[in-house]
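*Asks:* First the structure, then my questions, so here it is.
The values are calculated or read from the model by the stated rules, or taken from the named source; none is laboratory data. What you are looking at is a predicted structure, and each value in this text was computed from that prediction instead of being measured. Note that we place each Cβ from the backbone using ideal geometry, even for glycine, and neighbour counts take in every protein chain shown. In case anyone asks, the SASA skips ligands and DNA or RNA and just uses the protein heavy atoms, side chains included. Shrake-Rupley method; radii C 1.70, N 1.55, O 1.52, S 1.80 Å.
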Amino acid sequence: MAADMRLPIARKPVILSVPSFDRKDLVVPGDVITLDTGFMRGHGTYVDEEKLTASVAGKVQRVDKLICVSPLKTRFNGEVGDVIVGRITEVQQKRWKVETNSRLDSVLLLSSVNLPGGELRRRSAEDELTMREYLQEGDLISAEVQSVFSDGALSLHTRSLKYGKLGQGVLVQLSPSLIKRQKTHFHNLPCGASIILGNNGFVWLYPTPAQQEEEAGGFYTSLEPVSLPDREVISRLRNCLLAMAAHKVLLYDTSVLYCYESSLQHQVKDILKPEVMEEIVLLTQQKLLEHES
């Protein structure tokens, strides 16, 4: 069995132009958020001696007079329009149960999916009998939150052609609080791979397809062998995502691309070494600060 032994080395100090310890929007339990009594108490807060105090560790969010704290480590609380990546756990009558990293299993109704070929018609008993031909247990899908039930469970749909069954790729499970909300969560990166940043913390990496298969209605999955260069790119992106998640860096297309570029001087297997991980993340943060300024 091979053992990896490394001697201590002097790390290069990288000074960020904006100190990270001056963040006023990050709180821990017991921190006083405000002394003003004109604010309304939201989730993650309580009133102690007329002071609005945080009850969880997280980020302070203000909407008009409402103040709430969204925790940094939590299950996925979905909203309508969120893009998710999930795994089919059960096939039931006219519906599939989907694991989406939330407190309850999500539901994908048979009437909420595109039929193969993009047919527009009412779902019949024959469609119900052939549900496993569309999706079965263990399949990964990308979908959108259509509605939220009263108990907090999510109802999904895959009616758009960009959603549907996922083919060959790598699933990375991260915290939902690290995913930045954007207009689109589907990105074709210039390095030769594509990424789906699910709002629920599930990230899907796959080789960029040469042409989009639209006639299958979202159920087409290519089983062609993935080339070695594509596999290396996907492996590097996966390690970059884990490195940024370990250092609590917000994940979106620009940060992922900068982290990938910063890691090119190292081998894929070395990215997850603590000193290399820290160096790559610091370079990524420096690039992001330069990009924002």
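*Asks:* Considering the range 252-281 alone, what residues qualify as being of a type in the set (Phe, Trp, Tyr) and in a helix (DSSP H, G or I)? Reasoning before the result, please.
*Replies:* First pass over the range 252-281, keeping only residues of a type in the set (Phe, Trp, Tyr): 252, 258, 260.
Hits for the range 252-281 are TYR258, TYR260.
*Asks:* Still on this structure, I have one more. Test MET40 against the stated conditions and say whether it is at pLDDT below 90, surrounded by 12 or more Cβ atoms within 10 Å (Cβ to Cβ) and over 30 Å from SER293 (Cα atoms).
*Replies:* Yes.
*Asks:* Right, something else. I'd like to know if the range 87-98 contains one or more residues that are surrounded by 15 or more Cβ atoms within 10 Å (Cβ to Cβ), without any contact (Cβ under 8 Å) to a residue 24 or more places away in the chain and not aromatic (Phe, Trp, Tyr).
*Replies:* There is at least one residue in the range 87-98 that is surrounded by 15 or more Cβ atoms within 10 Å (Cβ to Cβ), without any contact (Cβ under 8 Å) to a residue 24 or more places away in the chain and not aromatic (Phe, Trp, Tyr).
*Asks:* Please specify each residue of the range 32-63 satisfying the condition of being hydroxyl-bearing (Ser, Thr, Tyr) and either in a loop (DSSP other than H, G, I, E, B) or over 28 Å from GLY198 (Cα atoms) (or both). Before you say what the answer is, go through the steps one by one.
*Replies:* Restricting attention to the range 32-63, the residues satisfying the condition of being hydroxyl-bearing (Ser, Thr, Tyr) are 34, 37, 45-46, 53, 55.
If the condition is that a residue be hydroxyl-bearing (Ser, Thr, Tyr) and either in a loop (DSSP other than H, G, I, E, B) or over 28 Å from GLY198 (Cα atoms) (or both), then THR34, THR37, TYR46, THR53, SER55 are the ones that fit.
*Asks:* With the structure loaded, tell me whether GLU79 is within 18 Å of LEU178 (Cα to Cα) and surrounded by fewer than 19 Cβ atoms within 10 Å (Cβ to Cβ) or whether it fails that test. Don't jump to the end; show me each part of the working.
*Replies:* Values: within 18 Å of LEU178 (Cα to Cα): yes; surrounded by fewer than 19 Cβ atoms within 10 Å (Cβ to Cβ): yes.
Yes.
*Asks:* Here is a check on your reading of the model: is GLN182 more than 19 Å from GLY78 (Cα to Cα), of a type outside the set (D, E, K, R) and either in contact (Cβ under 8 Å) with a residue 12 or more places away in the chain or touching a strand residue (DSSP E or B) at 6+ places or on another chain (Cβ under 6 Å) (or both)?
*Replies:* When the stated conditions are applied, GLN182 does not pass them.
*Asks:* Answer yes if at least one residue in the range 131-148 is part of a loop (DSSP other than H, G, I, E, B), among the polar types (S, T, N, Q) and under 16 Å from the mean Cα position of the chain (by Cα), and no otherwise.
*Replies:* Residues of the range 131-148 part of a loop (DSSP other than H, G, I, E, B): 135-139.
Add one more test, that the residue is among the polar types (S, T, N, Q), and what stays is 136.
Checking which are under 16 Å from the mean Cα position of the chain (by Cα) leaves us with none.
Scanning the range 131-148 turns up no residue that is part of a loop (DSSP other than H, G, I, E, B), among the polar types (S, T, N, Q) and under 16 Å from the mean Cα position of the chain (by Cα).
*Asks:* Which condition number in (1) closer than 20 Å to LYS94 by Cα; (2) surrounded by 20 or more Cβ atoms within 10 Å (Cβ to Cβ) is the one that LEU205 fails?
*Replies:* (1)
*Asks:* Which of the residues belonging to the range 149-162 are at pLDDT 90 or above and among the hydroxyl-bearing types (Ser, Thr, Tyr)?
*Replies:* In the first step, residues of the range 149-162 are kept if they are at pLDDT 90 or above; the result is 149-151, 153-158.
Correct list: SER150, SER155, THR158.
*Asks:* Could I ask something else about it? Give GLU133, GLU128 a once-over and let me know the one that is out of contact with any helix residue (DSSP H, G or I) (no Cβ under 9 Å at 6 or more places or on another chain), more than 26 Å from GLU224 (Cα to Cα) and open to solvent by 40 Å² or more (accessible area, probe 1.4 Å). Give the steps one after another, and end with the answer.
*Replies:* Details: GLU133 fails: more than 26 Å from GLU224 (Cα to Cα).
After applying the criteria, what remains is GLU128.
*Asks:* Does the range 64-75 hold any residues that are surrounded by fewer than 22 Cβ atoms within 10 Å (Cβ to Cβ) and either in a strand (DSSP E or B) or touching a helix residue (DSSP H, G or I) at 6+ places or on another chain (Cβ under 8 Å) (or both), and which are they? Before the answer, list the steps.
*Replies:* If we filter the range 64-75 for residues that are surrounded by fewer than 22 Cβ atoms within 10 Å (Cβ to Cβ), which is where we start, we get 64-68, 70-75.
Answer for the range 64-75, where residues must be surrounded by fewer than 22 Cβ atoms within 10 Å (Cβ to Cβ) and either in a strand (DSSP E or B) or touching a helix residue (DSSP H, G or I) at 6+ places or on another chain (Cβ under 8 Å) (or both): LEU66, ILE67, CYS68, SER70, PRO71, LEU72, LYS73, THR74, ARG75.
*Asks:* Go through (1) in a strand (DSSP E or B); (2) under 30 Å from GLY42 (Cβ atoms); (3) acidic (Asp, Glu) and name the single condition GLU79 misses.
*Replies:* Of the numbered conditions (1) in a strand (DSSP E or B); (2) under 30 Å from GLY42 (Cβ atoms); (3) acidic (Asp, Glu), the odd one out for GLU79 is (1).
*Asks:* Shifting gears a bit: Can you find a residue that is in a loop (DSSP other than H, G, I, E, B), among the hydrophobic types (A, V, I, L, M, F, W, C) and farther than 30 Å from ASP36 by Cα anywhere in the range 84-98?
*Replies:* At the first step, the residues of the range 84-98 found to be in a loop (DSSP other than H, G, I, E, B) are 93-94.
Filter once more, so that each one left must be among the hydrophobic types (A, V, I, L, M, F, W, C): none.
No, the range 84-98 contains no residue that is in a loop (DSSP other than H, G, I, E, B), among the hydrophobic types (A, V, I, L, M, F, W, C) and farther than 30 Å from ASP36 by Cα.
*Asks:* Any idea which residue in the range 156-195 is least open to solvent (accessible area, probe 1.4 Å), counting only those that are farther than 18 Å from GLN136 by Cα, part of a strand (DSSP E or B) and polar (S, T, N, Q)?
*Replies:* Ranking the qualifying residues of the range 156-195, first place goes to SER194.
*Asks:* Would you say ARG238 is outside any loop (DSSP other than H, G, I, E, B), open to solvent by 60 Å² or more (accessible area, probe 1.4 Å), closer than 28 Å to LYS73 by Cα and at pLDDT 90 or above?
*Replies:* Values: outside any loop (DSSP other than H, G, I, E, B): yes; open to solvent by 60 Å² or more (accessible area, probe 1.4 Å): yes; closer than 28 Å to LYS73 by Cα: yes; at pLDDT 90 or above: yes.
Here the answer is yes, as ARG238 does meet what is asked.
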